[in-house]
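These notes are about the structure you will find just below.
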Amino acid sequence: MTVNIKNIEDIKKMRVAGKLASEVLDYITDFVKPNISTEELDRLCHEYMVNIQKTIPAPLNYTPPGHTPYPKSICTSVNNQICHGIPGEKILKKGDIINIDITVIKNGYHGDTSRMFCIGEPSIQAKRLCKITYESMWLGIKQVKPGNFLGDIGFVIQNHAEQNGFSVVREFCGHGIGKVFHEDPQVLHYGKPGQGLKLEAGMVFTIEPMINAGKKDIKMLPDGWTVVTKDRSLSAQWEHTILVTENSYEVMTLSAGTPSPF
Ligand code: MF3
Ligand code: CO
Ligand code: CO
């Protein structure tokens, strides 16, 4: 495993890409309401990225080994969908929860961030799942500093999720990011303190825990992308792109509408 260390020029460009990704979420927020379809959310985001921001939607036609090309510009994962939900005819209704995951490319660099949205007033359990997942992401972020380990991040995320009766998805993880969408290291959302890679200033990776209300097991839908909970329980996810600084961390995916830290 080779983890690429970003220099100041890389970091400047990643700040720009990260902010732009977050601004797509700011833009789409007012549209995430009952009666809109997920393909309409995709269309609006696509137009905003391509025409207003002049960014490239990284998911569109993204083809990792063993996959068919991803057909849309954003990921929309509703209720029991864990991640990589493909926007389509599904109409959002009161009580739904949805993760919208945005990755843009600007000047050759990626910014990757996602948020949860509630449609109308979801159940107490759904709101609690979104909140605990948000807190888990932030507890993980706060572990980021030189000398700490990836296992420290995974441990606090897993601990907070499981203490609240939820489970951590194992098959998908955070990832290094830069000129490449998904690069080393893999950032697991479970683990043990002091284990795994030691963090160094200049590393950039995402933290993006997927937390299920029920069991951790997953199922892949026949579309080859959409990942759902095997027991059909709700799932939530939040994501930021993080830089390891000399003393701590910097969240690279910040914008005016970013929810405040936990
Ligand atoms: N944005 C996702 C992540 O956080 C990856 C989406 S890949 C896609 O890593 F092809 F599904 F869009
Ligand atoms: Co990511
Ligand atoms: Co993402």
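The values are calculated or read from the model by the stated rules, or taken from the named source; none is laboratory data. None of these values were measured; they are calculated from a predicted model. FYI the Cβ positions are ideal-geometry reconstructions off the backbone, even for glycines, and counts take in every protein chain you see. Accessible surface areas use protein heavy atoms only, side chains included; no ligands, DNA or RNA. Shrake-Rupley method; radii C 1.70, N 1.55, O 1.52, S 1.80 Å.
Cβ under 14 Å from LYS6's Cβ, LYS6 left aside: what net charge do those residues give with Lys, Arg +1 and Asp, Glu -1?
Here the count lands on -3.
Run the 1.4 Å probe and let me know the accessible area of HIS160, rounded to the nearest 10 Å².
Estimated to the nearest 10 Å², HIS160 gives 40 Å².
Please turn the phi angles of the stretch 82-90 into ³J(HN,Hα) values with the Karplus equation 6.51 cos²θ - 1.76 cosθ + 1.60 (θ = phi - 60°), one per residue in order, whole Hz, x for glycine and proline.
8, 6, 6, x, 8, x, x, 6, 4
For a quick check: with amide H placed at 1.01 Å from N, whose amide H comes under 5 Å from ILE218's, ignoring anything fewer than 5 positions away on the same chain?
Hits under the 5 Å cutoff: LYS230.
Considering only protein heavy atoms and a 1.4 Å probe, what is the carbon-and-sulfur percentage of the accessible area of the chain?
Reported share for carbon and sulfur atoms: 53 percent.
Rank these by accessible area, largest first, 1.4 Å probe: ILE98, ILE86.
Output order, biggest surface exposure first: ILE86, ILE98.
Under a point-charge model restricted to the Cβ atoms of Lys and Arg (+1) and Asp and Glu (-1), what is the dipole moment magnitude of the stretch 1-140 relative to its Cα centre, in debye to the nearest 20?
On the way: 17 positive and 15 negative charges, 50 e Å.
Dipole magnitude for the stretch 1-140 comes out near 240 debye.
Full-extension gain between ARG170 and ASN247, please, as 0.36 nm times their residue separation minus the C-alpha to C-alpha distance.
Fully extending the segment from ARG170 to ASN247 adds 24.8 nm.
If the limit is 21 Å between Cα atoms, which of LYS131/LYS219; LYS19/LYS54; LYS131/LYS216; LYS142/LYS179 go over it? Write out the running numbers ahead of the final one.
On the way: LYS131/LYS219 24 Å; LYS19/LYS54 13 Å; LYS131/LYS216 18 Å; LYS142/LYS179 25 Å.
In this structure, LYS131/LYS219; LYS142/LYS179 lie more than 21 Å apart at Cα.
Check which residues have an amide H placed less than 5 Å from CYS83's amide H, if you skip close sequence neighbours.
Correct list: VAL227.
Per-residue HN-Hα couplings for the stretch 148-161, Karplus 6.51 cos²θ - 1.76 cosθ + 1.60 at θ = phi - 60°, whole Hz, x for Gly and Pro?
Whole-Hz 3J(HN,Hα) from phi for the stretch 148-161: 6, 10, 4, x, 5, 5, x, 4, 5, 5, 4, 4, 5, 5.
Accessible area per residue for the stretch 187-248 in Å², computed with a 1.4 Å probe and the full protein assembly in place, what is it?
On a per-residue basis, 42 Å².
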